[in-house]
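The values are calculated or read from the model by the stated rules, or taken from the named source; none is laboratory data. Since this is a predicted model, take the numbers as computed values, not measurements. Here the Cβ positions follow ideal geometry from the backbone for every residue, glycine too, while neighbour counts run over all protein chains shown.
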Amino acid sequence: MKTVRHWINGALADGDPRTSELYNPANGEVAGHVTMASAADVDAAVAAATAAFPAWRDSSLVKRSQVLFRFRELMHAHRDELAALISAEHGKVHSDALGEVARGLEVVEFACGIPHLLKGGFSEGVSTRVDSYSIRQPLGVVAGITPFNFPAMVPMWMYPIAIACGNAFVLKPSEKDPSASLLMARLWQEAGLPDGVFNVVQGDKVAVDRLLEHPDVRAVSFVGSTPIAKYVYERGTAHGKRVQALGGAKNHMLVLPDADLDLVADSAVSAGFGSAGERCMAISVVLAVDPVGDELVQKIVERVERLVIGPGDNPESQMGPLVTEAHRDKVASYLDLGVEEGAKLVVDGRESEVLGGGKASEAKGFWLGPTVLDHVPAGSRTHIDEIFGPVLSIVRVGSYEEGLELINGGLYGNGTAIFTNDGGAARRFQNEVEVGMVGINVPIPVPMAFYSFGGWKASLFGDTHVHGTEGVHFYTRGKVVTSRWLDPSHGGVNLGFPTNR
Ligand code: NAD
């Protein structure tokens, strides 16, 4: 049975003997173990990164960019291997895992352009024979703490840009699916990244707390649930670090009566049940504006009943299991709660057939099929809690305004979508909705790598979104130089505040 270890200074590393179990969610069996870092193990990784930083910072932009190009090619060549590792530990189907690798690679491709992205400004003659210019410099050692649901893509939102900017990186991946991190580390080494610039510490709160307190860690990027994001932000900033902490979500799709209901149904089912709903950009609530509710629910149900549920490595499967037994049980508890709160259970995921496994509620592994709850009361827990599983709630609303109010009244502000053929309504929505990422007839509006990803309200603590130019900004500090080369016009002592002449 495998044991997933740390990666420190270009080599696998052991440390504290504490381990945690790794599962195959498709059959529920223990598939291996992961080493859990102590504070001393984190210190070893940060020390390696600290030692590697000065030489990497001083390497030329072109050299850094060439390493990134090679890393991009290697990741692309190993995408199937990476997807298989993700699928085995997370449970998502292989094609979905390949999709996350592809979206992560777009950030690497963006970071290949670092010589252009780090160009500063230059103003000749801000005062008589005085020039001014701005430069951006790396921070030093920076850390990334990532969730289970995208074990390759979310770290790739962070480290390509951090490393391209000249920083050294310590990744603390989710302890539920840590294997992808080690393949990525090996490929960085093969690409020519100097040892110590990219390190991985496996673990849990012990490792996170040490990263948040370590005096040599300059910045922390976090993605995960809202309570932990808030904690990481508060503790990290209290220790003087720059922190961006992305939290949870509850994403609504507002369906206006003029929308194409076949497109809406396809989109709601794809965005609700892809990756078993374990996506921070999943659509978990459909707000159906009267009178489309009944027809839309019928179209959604028809599609849901055709979905194929099965192990991630079976090419026929469209949806895999949930990540752990405890998470599956928590998600499943919302089926009864929803009914208690007054919703109608129109598709019960406990009854779904699992390929080769029988009924979801009886199959070995962490199964729950796609579930649809209709007439979910607005403001009920089923409506507002982040369930993070294959449960799609339909809330009936009387108007655009009522739907907008429910979205804007929510705790989270990660993603949302409007479905309509009315350009004026769509434009009004993009202006009025209090959410960071908005789709217009697009159900999962994940920004491309050259834009930045991030939500509003309890979906983001800090003010900088990840990747794109905001990512470059997060991983660098600005400096402005004002220079004068002495010449005969040198004017002698002047105690007044410098103004231009
Ligand atoms: P999580 O918050 O449980 O874990 C995230 C990371 O924090 C992991 O590395 C974990 O080891 C660590 N952690 C867990 N408990 C901790 C504690 N008490 N103290 C310190 N560190 C701790 O999240 P998860 O279950 O792995 O991921 C799912 C969550 O992530 C969902 O809420 C989802 O919405 C969110 N998510 C958000 C985004 C986004 O972009 N906003 C993207 C992906 C996932």
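Things worth noting here:
- Residue that is nearest to the chain's Cα centre (by Cα), among those in region 440-472 that are free of Cβ contacts under 8 Å to residues at least 40 places away in the same chain and outside any loop (DSSP other than H, G, I, E, B): 470
- Residue that is farthest from the ligand (Cβ to nearest atom), among those in region 279-293 that are in a loop (DSSP other than H, G, I, E, B) and under 16 Å from residue 397 (Cβ atoms): 291
- Selection status of residue 276, within 13 Å of the ligand (Cβ to nearest atom), under 23 Å from residue 335 (Cβ atoms), not in a loop (DSSP other than H, G, I, E, B) and not polar (S, T, N, Q): yes
- Applying the condition of being of a type outside the set (D, E, K, R) and in a loop (DSSP other than H, G, I, E, B) to region 168-183 and asking which residue is surrounded by the fewest Cβ atoms within 10 Å (Cβ to Cβ) yields 174.
- Filtering region 243-256 to residues that are of a type in the set (A, V, I, L, M, F, W, C) and within 14 Å of the ligand (Cβ to nearest atom) leaves 243, 245, 246, 249.
- Test: residue in region 75-90 that is over 28 Å from residue 324 (Cβ atoms) and either more than 23 Å from the chain's Cα centre (by Cα) or assigned to a helix (DSSP H, G or I) (or both): yes
- Taken together, the residues in region 1-53 that are among the hydrophobic types (A, V, I, L, M, F, W, C), surrounded by 17 or more Cβ atoms within 10 Å (Cβ to Cβ) and part of a loop (DSSP other than H, G, I, E, B) amount to 3.
- Scanning region 320-334 for residues that are within 20 Å of the chain's Cα centre (by Cα) and of a type in the set (A, V, I, L, M, F, W, C) yields 322, 323.
- A single member of 307, 345, 337, 296 is more than 24 Å from the chain's Cα centre (by Cα), at negative phi and assigned to a strand (DSSP E or B), and it is 345.
- You will find that of 89, 109, 100, the residue that is at pLDDT 95 or above and surrounded by fewer than 22 Cβ atoms within 10 Å (Cβ to Cβ) is 109 and no other.
- Cβ pairs under 8 Å, 6+ apart, first in region 209-225 and over 12 Å from residue 50 (Cα atoms), second outside any helix (DSSP H, G or I) and among the basic types (Lys, Arg): 211/172; 212/241; 219/241; 219/242; 220/241; 220/242
- Among the residues making up region 128-146, those that are crowded, with 24+ Cβ neighbours inside 10 Å and either part of a loop (DSSP other than H, G, I, E, B) or under 20 Å from the mean Cα position of the chain (by Cα) (or both) are 142, 143, 144, 145, 146.
- Within region 473-501, the set of residues being part of a loop (DSSP other than H, G, I, E, B) and among the β-branched types (Val, Ile, Thr) comprises 493, 499.
- For region 196-242, a residue qualifies if it is surrounded by fewer than 24 Cβ atoms within 10 Å (Cβ to Cβ), within 7 Å of the ligand (Cβ to nearest atom) and not in a helix (DSSP H, G or I), and the qualifying residues are 204, 224, 225.
- Filter pass, residue 186 being surrounded by fewer than 19 Cβ atoms within 10 Å (Cβ to Cβ), more than 16 Å from the ligand (Cβ to nearest atom) and not aromatic (Phe, Trp, Tyr): yes
- Filter result for residue 480 (among the β-branched types (Val, Ile, Thr), within 16 Å of the ligand (Cβ to nearest atom) and either surrounded by fewer than 17 Cβ atoms within 10 Å (Cβ to Cβ) or under 30 Å from residue 351 (Cα atoms) (or both)): no
- Residues considered: 97, 111, 102. Of these, the only one that is under 21 Å from residue 34 (Cβ atoms) and under 25 Å from the mean Cα position of the chain (by Cα) is 97.
- When region 420-439 is limited to residues that are part of a loop (DSSP other than H, G, I, E, B) and within 30 Å of residue 228 (Cβ to Cβ), the one that is nearest to the ligand (Cβ to nearest atom) turns out to be 436.
- Among residues of region 350-365 that are closer than 13 Å to residue 27 by Cβ, those with a Cβ under 7 angstrom from a residue that is surrounded by 13 or more Cβ atoms within 10 Å (Cβ to Cβ) and modelled with pLDDT under 95, sequence gap 6+ or separate chain, pair up as 363/357; 364/357; 365/357.
- When residue 400 is tested against the conditions (1) within 16 Å of the ligand (Cβ to nearest atom); (2) aromatic (Phe, Trp, Tyr); (3) surrounded by fewer than 21 Cβ atoms within 10 Å (Cβ to Cβ), the lone failure is (1).
- Residue within region 182-205 that is within 28 Å of residue 65 (Cβ to Cβ) and of a type in the set (Lys, Arg) present: yes
- Just one of the listed residues (129, 79, 103, 136) is at positive phi and either in contact (Cβ under 8 Å) with a residue 24 or more places away in the chain or of a type in the set (D, E, K, R) (or both), and it is 129.
- Leading residue by the ranking (surrounded by the fewest Cβ atoms within 10 Å (Cβ to Cβ)) among those in region 310-343 that are among the aliphatic types (A, V, I, L, M) and more than 16 Å from the ligand (Cβ to nearest atom): 339
- Of all residues making up region 447-501, the number that are farther than 22 Å from residue 119 by Cα and among the charged types (D, E, K, R): 4
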